[in-house]
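The structure appears right after this line, and notes come after that.
Since every read-out is calculated from the coordinates, none of them should be taken as a lab result. Model, not experiment: these values are computed from the prediction. Quick reminder, even Gly has a Cβ in these numbers, built from the backbone with ideal geometry, and neighbours come from all protein chains shown.
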Amino acid sequence: MKFNLTVLTTICLALGIFGICGSATQRSKDPFNPDGAFFLIGEPPADFSDFSGIYLNGRRLRRLPTQAMHLNNGKVFHYRSLTVKRDNFSFTTVTASGVYYTFAGKFLRGGVFAEQDLFDEQPVLEGVLTKYKGGKKVAEAKLKFSYFGGT
């Protein structure tokens, strides 16, 4: 006997209430939204002493700064390319005064970060930040970041 997928899913969802088809139903993916600020955990390496944070604001919320990488002196490096996935977070910034940055890493947890109780020194992002000047690599460091969701 053939069942179409919609009928089978409906039956399993109904029976799932009683625990009969529980794992047979397809569950929707948990939402993933890391929008917010990411700050270094610990002291920055000397080559990155001017680094402030990585900001994600895919929904363009007013409570969050511009989506970009920021330096302590207020300079902002907007993303030329950006990939935001749990297991693949990477970016390359635009070049300003001959300098640009790349990052390749991953998030250490899923979910909607703004809805989670994350503490200041809890690593949620790790990866390698690389600084280029005049097209040549001048600094590179493997770093860990904590999360701040804004006010």
### Query
Ratio of Rg to Rh for the stretch 36-148, alpha carbon only, Kirkwood?
0.94
### Summary
Ranked on Cβ counts within 10 Å of their own Cβ, fewest leading, ARG59, ARG80 go ARG59, ARG80
